[in-house]
1. Taking only Cα atoms, what is the 0 to 90° angle, nearest 10, from helix 252-264's long axis to the longest principal axis of the chain?
2. Any idea how far apart Ala376 and Trp18 come out in nm if each label point goes 7 Å out from Cα toward Cβ?
3. Is any residue of the stretch 286-302 close enough, with backbone N under 20 Å, to a label point placed 7 angstrom from the Cα of His345 along the Cα-Cβ axis, and if so, which?
4. Could you state the angle between the C-alpha long axis of helix 371-394 and the longest principal axis of the C-alpha atoms of the chain, as a value from 0 to 90 degrees rounded to the nearest 10?
5. Can you give me the relative contact order of the chain as a percent, contacts being Cα pairs under 8 Å and 6 or more apart?
6. So for the stretch 41-96, taking the charge dipole from beta-carbon charges (+1 Lys/Arg, -1 Asp/Glu), which of Thr90, Gly64, Thr46 sits furthest toward the positive end?
7. To the nearest 20 debye, what is the magnitude of the charge dipole of the stretch 62-283 about its Cα centre, counting +1 on the Cβ of each Lys and Arg and -1 on the Cβ of each Asp and Glu?
8. Calculated from DSSP H runs of 4 or more alone, at -39500 (n - 2.57) each and per residue, what is the 222 nm mean residue ellipticity of the chain, nearest 500?
Amino acid sequence: MKLSQRITHMTGGGSDGWDVFYRARRLISEGHPITELTIGEHDIRTDETILNAMDISARQGNTGYAMVPGTDLLRDTVAARIQARTGVKTTRHNVLITPGGQSALFAAHVAVCDPGDIGLYLDPYYATYPGTIRGAGATAQAIQTSAADAFQPRAEDIDTAADGAVSLLINTPNNPTGVVYSQQTLEGIAEVCRKRDLWLISDEVYDTQVWEGTHISPRTLLDMAERTLVVGSMSKSHAMTGSRCGWVVGPEEVISHLINLATHTTYGVPGFIQDAASFALNAGSDFEEEIAAPFRRRRALAVDILASQNTIGLVPAQGAMYLMLDIRSTGMSGEGFANTLLDTHAIAVMPGESFGQAAAGHVRVAMTIEDDRFAAALKTICDFATGLAESHAAE
Ligand code: PMP
(Lines give C-alpha, C1' and ligand atoms only; values in the text may rest on other atoms or scores of the structure.)
Protein backbone atom coordinates (compact mmCIF):
# COMPACT_ATOMS: atom_id res chain seq x y z
CA MET A 1 0.00 0.00 0.00
CA LYS A 2 1.15 3.50 -0.75
CA LEU A 3 2.06 5.77 2.13
CA SER A 4 1.94 9.55 2.08
CA GLN A 5 4.94 11.56 0.94
CA ARG A 6 4.54 13.57 4.12
CA ILE A 7 5.34 10.58 6.33
CA THR A 8 7.86 8.83 4.07
CA HIS A 9 9.84 12.01 3.34
CA MET A 10 9.84 13.49 6.82
CA THR A 11 13.45 12.58 7.47
CA GLY A 12 16.23 12.44 4.90
CA GLY A 13 17.58 8.97 4.13
CA GLY A 14 21.19 7.82 4.35
CA SER A 15 23.81 8.20 7.05
CA ASP A 16 23.04 11.19 9.21
CA GLY A 17 25.80 10.94 11.80
CA TRP A 18 23.58 9.13 14.29
CA ASP A 19 25.29 5.73 13.75
CA VAL A 20 27.66 6.36 16.63
CA PHE A 21 24.72 7.07 18.94
CA TYR A 22 22.93 3.84 18.03
CA ARG A 23 26.21 1.91 18.33
CA ALA A 24 26.77 3.34 21.82
CA ARG A 25 23.24 2.41 22.88
CA ARG A 26 23.76 -1.14 21.56
CA LEU A 27 27.08 -1.52 23.40
CA ILE A 28 25.42 -0.32 26.62
CA SER A 29 22.55 -2.79 26.22
CA GLU A 30 25.16 -5.56 25.75
CA GLY A 31 26.67 -4.60 29.11
CA HIS A 32 29.77 -2.64 27.96
CA PRO A 33 30.74 0.22 30.31
CA ILE A 34 30.31 3.20 27.99
CA THR A 35 30.59 6.82 29.16
CA GLU A 36 27.47 8.28 27.58
CA LEU A 37 27.73 11.96 26.59
CA THR A 38 25.29 11.96 23.70
CA ILE A 39 21.72 12.93 24.55
CA GLY A 40 20.42 15.98 26.45
CA GLU A 41 18.85 14.35 29.44
CA HIS A 42 19.58 15.27 33.08
CA ASP A 43 21.35 12.79 35.33
CA ILE A 44 18.70 13.51 37.98
CA ARG A 45 15.05 12.49 37.87
CA THR A 46 11.99 14.73 38.32
CA ASP A 47 12.02 16.19 41.85
CA GLU A 48 10.10 14.39 44.59
CA THR A 49 8.02 17.51 45.38
CA ILE A 50 6.84 17.70 41.75
CA LEU A 51 5.97 13.99 41.82
CA ASN A 52 3.96 14.60 44.99
CA ALA A 53 2.00 17.38 43.30
CA MET A 54 1.36 15.03 40.37
CA ASP A 55 0.24 12.26 42.70
CA ILE A 56 -2.10 14.50 44.73
CA SER A 57 -3.66 15.90 41.56
CA ALA A 58 -4.22 12.45 40.05
CA ARG A 59 -5.71 11.12 43.29
CA GLN A 60 -8.02 14.13 43.48
CA GLY A 61 -9.49 12.92 40.22
CA ASN A 62 -7.61 14.84 37.53
CA THR A 63 -7.30 11.75 35.38
CA GLY A 64 -10.04 12.52 32.86
CA TYR A 65 -9.86 14.73 29.77
CA ALA A 66 -8.30 18.05 30.65
CA MET A 67 -9.15 21.36 28.97
CA VAL A 68 -7.71 21.11 25.44
CA PRO A 69 -5.86 24.49 25.43
CA GLY A 70 -4.44 23.71 28.87
CA THR A 71 -5.84 24.26 32.36
CA ASP A 72 -6.55 27.88 33.28
CA LEU A 73 -4.07 27.48 36.12
CA LEU A 74 -1.16 26.40 33.92
CA ARG A 75 -1.95 28.84 31.10
CA ASP A 76 -2.10 31.67 33.64
CA THR A 77 1.13 30.49 35.28
CA VAL A 78 3.01 30.29 31.97
CA ALA A 79 1.61 33.68 30.88
CA ALA A 80 2.65 35.33 34.15
CA ARG A 81 6.11 33.78 33.98
CA ILE A 82 6.67 34.95 30.41
CA GLN A 83 5.36 38.43 31.16
CA ALA A 84 7.63 38.67 34.22
CA ARG A 85 10.67 37.56 32.21
CA THR A 86 10.04 39.68 29.12
CA GLY A 87 7.80 42.60 30.09
CA VAL A 88 5.54 41.73 27.14
CA LYS A 89 1.87 41.61 28.12
CA THR A 90 0.84 37.95 28.05
CA THR A 91 -2.43 36.33 29.11
CA ARG A 92 -3.74 32.79 29.01
CA HIS A 93 -5.19 33.61 25.57
CA ASN A 94 -1.61 33.84 24.28
CA VAL A 95 -0.77 30.34 25.58
CA LEU A 96 -1.44 26.82 24.29
CA ILE A 97 -0.21 23.96 26.47
CA THR A 98 1.23 21.10 24.40
CA PRO A 99 2.65 17.63 25.03
CA GLY A 100 6.26 18.89 25.18
CA GLY A 101 8.26 21.42 23.20
CA GLN A 102 8.49 19.06 20.24
CA SER A 103 4.75 19.08 19.72
CA ALA A 104 4.81 22.89 20.13
CA LEU A 105 7.42 23.15 17.35
CA PHE A 106 5.18 21.08 15.08
CA ALA A 107 2.05 23.06 15.99
CA ALA A 108 3.80 26.39 15.38
CA HIS A 109 4.82 25.32 11.87
CA VAL A 110 1.35 23.95 11.06
CA ALA A 111 -0.04 27.33 12.15
CA VAL A 112 2.01 29.36 9.67
CA CYS A 113 3.13 27.11 6.78
CA ASP A 114 1.05 25.97 3.83
CA PRO A 115 2.16 23.04 1.65
CA GLY A 116 4.99 24.18 -0.58
CA ASP A 117 5.94 27.14 1.61
CA ILE A 118 9.53 27.31 2.73
CA GLY A 119 10.27 27.04 6.44
CA LEU A 120 13.79 28.25 7.22
CA TYR A 121 16.03 26.89 9.98
CA LEU A 122 19.64 27.40 10.92
CA ASP A 123 22.44 24.86 10.55
CA PRO A 124 23.70 23.40 12.94
CA TYR A 125 20.28 22.47 14.19
CA TYR A 126 18.47 20.32 16.73
CA ALA A 127 17.91 16.95 15.08
CA THR A 128 14.13 17.12 14.63
CA TYR A 129 13.95 20.55 12.98
CA PRO A 130 13.88 19.66 9.27
CA GLY A 131 11.53 16.71 9.85
CA THR A 132 9.20 18.89 11.90
CA ILE A 133 8.97 21.48 9.12
CA ARG A 134 8.41 18.77 6.49
CA GLY A 135 5.87 17.04 8.73
CA ALA A 136 3.91 20.29 8.78
CA GLY A 137 3.80 20.09 4.96
CA ALA A 138 6.38 22.78 4.22
CA THR A 139 9.77 22.62 2.53
CA ALA A 140 12.61 22.76 5.04
CA GLN A 141 15.50 24.99 3.98
CA ALA A 142 18.70 25.30 6.02
CA ILE A 143 20.76 28.46 6.35
CA GLN A 144 24.38 27.81 7.23
CA THR A 145 25.99 29.51 10.17
CA SER A 146 29.72 29.41 10.61
CA ALA A 147 32.22 28.34 13.27
CA ALA A 148 34.15 31.50 12.35
CA ASP A 149 31.17 33.57 13.61
CA ALA A 150 30.83 31.36 16.71
CA PHE A 151 27.63 30.11 15.03
CA GLN A 152 25.82 33.44 15.49
CA PRO A 153 23.58 33.70 12.40
CA ARG A 154 24.07 36.60 9.99
CA ALA A 155 21.02 38.66 9.08
CA GLU A 156 22.19 39.02 5.47
CA ASP A 157 22.29 35.22 5.03
CA ILE A 158 18.71 34.98 6.29
CA ASP A 159 17.68 37.81 3.99
CA THR A 160 19.26 36.05 1.01
CA ALA A 161 17.39 32.82 1.83
CA ALA A 162 14.04 34.51 2.49
CA ASP A 163 12.52 34.37 -1.04
CA GLY A 164 9.43 32.15 -0.84
CA ALA A 165 9.91 31.59 2.89
CA VAL A 166 7.16 32.13 5.46
CA SER A 167 8.93 31.25 8.69
CA LEU A 168 12.29 31.16 10.39
CA LEU A 169 13.03 28.79 13.27
CA ILE A 170 15.70 29.83 15.74
CA ASN A 171 16.95 28.36 19.01
CA THR A 172 18.73 30.27 21.75
CA PRO A 173 20.36 29.12 24.03
CA ASN A 174 21.30 26.77 21.24
CA ASN A 175 21.37 23.04 20.92
CA PRO A 176 23.82 21.77 19.67
CA THR A 177 26.31 24.66 19.87
CA GLY A 178 25.71 26.02 23.41
CA VAL A 179 25.77 29.54 21.97
CA VAL A 180 23.42 32.27 23.25
CA TYR A 181 22.38 34.71 20.52
CA SER A 182 23.52 38.27 21.15
CA GLN A 183 21.27 41.32 21.15
CA GLN A 184 22.86 42.32 17.84
CA THR A 185 22.16 38.92 16.27
CA LEU A 186 18.54 39.00 17.41
CA GLU A 187 17.99 42.61 16.30
CA GLY A 188 19.34 41.61 12.86
CA ILE A 189 17.03 38.57 12.71
CA ALA A 190 14.04 40.67 13.79
CA GLU A 191 14.76 43.26 11.12
CA VAL A 192 14.81 40.61 8.39
CA CYS A 193 11.58 39.07 9.73
CA ARG A 194 9.83 42.45 9.62
CA LYS A 195 11.23 43.34 6.19
CA ARG A 196 10.54 39.93 4.59
CA ASP A 197 7.27 39.35 6.48
CA LEU A 198 8.48 36.13 8.14
CA TRP A 199 7.01 34.41 11.16
CA LEU A 200 9.69 33.84 13.76
CA ILE A 201 9.44 30.55 15.65
CA SER A 202 11.65 30.96 18.69
CA ASP A 203 12.62 27.76 20.50
CA GLU A 204 13.50 28.84 24.04
CA VAL A 205 13.44 25.49 25.83
CA TYR A 206 16.90 26.18 27.34
CA ASP A 207 16.03 29.66 28.64
CA THR A 208 16.92 28.77 32.24
CA GLN A 209 20.37 27.46 31.29
CA VAL A 210 22.44 30.56 30.61
CA TRP A 211 26.07 30.63 31.77
CA GLU A 212 27.28 33.76 30.01
CA GLY A 213 25.44 36.74 28.53
CA THR A 214 21.67 37.17 28.74
CA HIS A 215 18.85 35.27 27.16
CA ILE A 216 16.76 37.66 25.06
CA SER A 217 13.39 36.50 23.82
CA PRO A 218 12.85 38.02 20.36
CA ARG A 219 9.18 38.52 21.31
CA THR A 220 10.44 41.57 23.24
CA LEU A 221 11.89 43.28 20.15
CA LEU A 222 10.17 46.04 18.18
CA ASP A 223 6.89 44.84 16.57
CA MET A 224 7.95 41.21 17.03
CA ALA A 225 5.24 40.00 19.46
CA GLU A 226 2.75 39.96 16.58
CA ARG A 227 4.93 37.69 14.42
CA THR A 228 6.75 35.51 16.97
CA LEU A 229 5.70 32.11 18.28
CA VAL A 230 7.70 31.11 21.33
CA VAL A 231 8.21 27.42 22.07
CA GLY A 232 8.80 26.51 25.72
CA SER A 233 8.95 23.34 27.78
CA MET A 234 9.20 21.90 31.28
CA SER A 235 11.67 19.28 30.03
CA LYS A 236 14.99 21.06 30.50
CA SER A 237 14.13 23.72 33.08
CA HIS A 238 12.53 21.31 35.56
CA ALA A 239 13.97 17.90 34.60
CA MET A 240 10.53 16.80 33.40
CA THR A 241 11.44 15.33 30.00
CA GLY A 242 9.14 12.34 30.43
CA SER A 243 6.13 14.39 31.51
CA ARG A 244 5.72 15.83 28.01
CA CYS A 245 4.59 19.33 28.90
CA GLY A 246 5.40 22.43 26.87
CA TRP A 247 3.73 25.40 25.23
CA VAL A 248 3.39 27.78 22.33
CA VAL A 249 3.09 31.47 23.21
CA GLY A 250 1.96 33.84 20.48
CA PRO A 251 -0.73 36.22 19.24
CA GLU A 252 -4.27 35.38 20.42
CA GLU A 253 -5.49 34.70 16.89
CA VAL A 254 -2.78 32.10 16.28
CA ILE A 255 -3.47 30.43 19.62
CA SER A 256 -7.22 30.27 18.89
CA HIS A 257 -6.46 28.35 15.67
CA LEU A 258 -3.91 26.18 17.42
CA ILE A 259 -6.56 25.14 19.96
CA ASN A 260 -8.40 23.72 16.95
CA LEU A 261 -5.27 21.83 15.91
CA ALA A 262 -4.86 20.47 19.44
CA THR A 263 -8.51 19.34 19.48
CA HIS A 264 -7.87 17.32 16.34
CA THR A 265 -4.46 15.91 17.23
CA THR A 266 -3.41 15.64 20.88
CA TYR A 267 -6.64 16.52 22.68
CA GLY A 268 -4.60 18.17 25.39
CA VAL A 269 -2.16 17.21 28.11
CA PRO A 270 -3.11 15.15 31.22
CA GLY A 271 -4.48 17.33 34.03
CA PHE A 272 -2.22 15.83 36.70
CA ILE A 273 0.85 16.61 34.55
CA GLN A 274 -0.35 20.19 34.11
CA ASP A 275 -0.93 20.53 37.87
CA ALA A 276 2.59 19.22 38.50
CA ALA A 277 3.93 21.74 35.96
CA SER A 278 2.03 24.62 37.63
CA PHE A 279 3.45 23.55 40.97
CA ALA A 280 6.97 23.34 39.53
CA LEU A 281 6.78 26.77 37.87
CA ASN A 282 5.48 28.30 41.09
CA ALA A 283 8.49 26.86 42.95
CA GLY A 284 10.30 29.85 41.44
CA SER A 285 13.67 30.65 39.96
CA ASP A 286 15.75 29.22 42.83
CA PHE A 287 14.39 25.82 41.98
CA GLU A 288 15.22 26.32 38.29
CA GLU A 289 18.73 27.41 39.25
CA GLU A 290 19.10 24.19 41.27
CA ILE A 291 18.19 22.12 38.23
CA ALA A 292 20.64 24.09 36.07
CA ALA A 293 23.46 24.06 38.67
CA PRO A 294 25.11 20.75 37.67
CA PHE A 295 25.52 21.98 34.09
CA ARG A 296 26.84 25.34 35.28
CA ARG A 297 29.44 23.51 37.42
CA ARG A 298 30.49 21.09 34.68
CA ARG A 299 30.73 23.88 32.15
CA ALA A 300 33.16 25.68 34.52
CA LEU A 301 35.15 22.45 34.93
CA ALA A 302 35.28 22.07 31.17
CA VAL A 303 36.47 25.63 30.58
CA ASP A 304 39.38 24.98 32.99
CA ILE A 305 40.30 21.63 31.46
CA LEU A 306 40.18 22.97 27.92
CA ALA A 307 42.26 26.01 28.87
CA SER A 308 45.21 23.72 29.64
CA GLN A 309 45.55 22.43 26.06
CA ASN A 310 45.45 23.89 22.59
CA THR A 311 44.28 21.10 20.32
CA ILE A 312 40.55 21.38 20.89
CA GLY A 313 38.74 24.68 20.40
CA LEU A 314 35.67 25.35 22.53
CA VAL A 315 32.76 27.09 20.83
CA PRO A 316 31.66 29.78 23.36
CA ALA A 317 29.81 27.65 25.95
CA GLN A 318 27.23 30.27 26.93
CA GLY A 319 24.18 28.14 27.64
CA ALA A 320 22.33 24.79 27.44
CA MET A 321 23.70 21.44 28.55
CA TYR A 322 26.23 20.88 25.77
CA LEU A 323 29.77 21.73 24.76
CA MET A 324 30.66 21.98 21.08
CA LEU A 325 34.29 21.04 20.59
CA ASP A 326 36.22 22.01 17.47
CA ILE A 327 38.44 19.01 16.68
CA ARG A 328 39.50 20.06 13.18
CA SER A 329 43.18 20.21 14.19
CA THR A 330 43.12 16.40 14.43
CA GLY A 331 42.42 16.22 10.69
CA MET A 332 39.39 14.02 11.38
CA SER A 333 35.72 14.52 10.74
CA GLY A 334 33.44 14.70 13.78
CA GLU A 335 32.10 11.30 12.77
CA GLY A 336 35.57 9.72 12.47
CA PHE A 337 36.62 11.24 15.79
CA ALA A 338 33.47 10.10 17.62
CA ASN A 339 33.65 6.56 16.23
CA THR A 340 37.34 6.15 17.10
CA LEU A 341 36.78 7.65 20.57
CA LEU A 342 34.01 5.12 21.19
CA ASP A 343 36.18 2.22 19.95
CA THR A 344 39.34 3.14 21.82
CA HIS A 345 38.10 4.87 25.00
CA ALA A 346 34.46 3.77 25.37
CA ILE A 347 33.28 7.40 25.41
CA ALA A 348 30.24 8.29 23.30
CA VAL A 349 29.83 11.84 21.95
CA MET A 350 27.76 13.16 19.04
CA PRO A 351 29.52 13.99 15.75
CA GLY A 352 28.88 17.61 14.71
CA GLU A 353 27.69 16.20 11.38
CA SER A 354 24.58 14.81 13.12
CA PHE A 355 23.39 18.41 13.39
CA GLY A 356 24.02 19.45 9.79
CA GLN A 357 26.99 20.51 7.70
CA ALA A 358 27.96 23.67 9.55
CA ALA A 359 29.26 21.75 12.58
CA ALA A 360 31.41 19.30 10.58
CA GLY A 361 34.76 18.74 12.28
CA HIS A 362 33.17 19.27 15.69
CA VAL A 363 31.73 16.96 18.33
CA ARG A 364 28.98 17.75 20.83
CA VAL A 365 29.49 16.66 24.42
CA ALA A 366 26.45 16.51 26.71
CA MET A 367 27.33 17.53 30.28
CA THR A 368 25.01 14.90 31.67
CA ILE A 369 27.09 12.69 33.97
CA GLU A 370 28.38 13.43 37.47
CA ASP A 371 31.21 15.93 37.79
CA ASP A 372 34.16 13.57 38.46
CA ARG A 373 33.37 11.23 35.63
CA PHE A 374 32.62 14.16 33.36
CA ALA A 375 35.96 15.83 34.09
CA ALA A 376 37.84 12.54 33.64
CA ALA A 377 36.09 11.87 30.31
CA LEU A 378 36.86 15.37 29.06
CA LYS A 379 40.55 14.99 29.97
CA THR A 380 40.62 11.69 28.08
CA ILE A 381 39.02 13.39 25.06
CA CYS A 382 41.69 16.13 25.20
CA ASP A 383 44.56 13.62 25.40
CA PHE A 384 43.05 11.57 22.62
CA ALA A 385 42.69 14.66 20.41
CA THR A 386 46.24 15.80 21.18
CA GLY A 387 47.62 12.41 20.14
CA LEU A 388 45.67 12.52 16.90
CA ALA A 389 46.72 16.12 16.15
CA GLU A 390 50.41 15.24 16.70
CA SER A 391 50.24 12.30 14.28
CA HIS A 392 48.28 14.47 11.84
CA ALA A 393 50.95 17.21 12.00
CA ALA A 394 53.67 14.59 11.41
CA GLU A 395 51.94 13.22 8.30
N1 PMP B 1 14.09 22.06 21.22
C2 PMP B 1 15.36 21.74 21.49
C3 PMP B 1 16.44 22.65 21.02
C4 PMP B 1 15.67 20.57 22.19
O5 PMP B 1 16.95 20.26 22.45
C6 PMP B 1 14.60 19.73 22.59
C7 PMP B 1 14.84 18.43 23.33
N8 PMP B 1 16.07 17.90 23.32
C9 PMP B 1 13.29 20.12 22.28
C10 PMP B 1 13.07 21.29 21.60
C11 PMP B 1 12.10 19.30 22.64
O12 PMP B 1 11.99 19.08 23.98
P13 PMP B 1 10.66 18.53 24.67
O14 PMP B 1 9.78 17.99 23.59
O15 PMP B 1 11.13 17.46 25.60
O16 PMP B 1 10.07 19.69 25.35
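1. For 252-264 against the chain, the angle is about 80 degrees.
2. With each label point 7 Å from Cα toward Cβ, the separation is 3.1 nm.
3. Counting only backbone N, you get 298-302.
4. That works out to roughly 50 degrees.
5. Values: 800 pairs, mean separation 95.3, N = 395.
Computed value for the chain: 24 percent relative contact order.
6. Most positive-ward Cα: Thr90.
7. 560 debye
8. Working: 14 runs with 170 residues, N = 395.
Taken over the chain, the calculation gives -13500 deg cm²/dmol.
The values are calculated or read from the model by the stated rules, or taken from the named source; none is laboratory data. A quick note: this is a predicted structure, and the numbers were derived from the prediction, not measured. With ideal geometry, Cβ positions are generated from the backbone for all residues, glycine too; neighbour counts draw on all protein chains shown. Please note that ligands, DNA and RNA were not included when accessible areas were found on the heavy atoms of the full protein model with its side chains. Shrake-Rupley method; radii C 1.70, N 1.55, O 1.52, S 1.80 Å.
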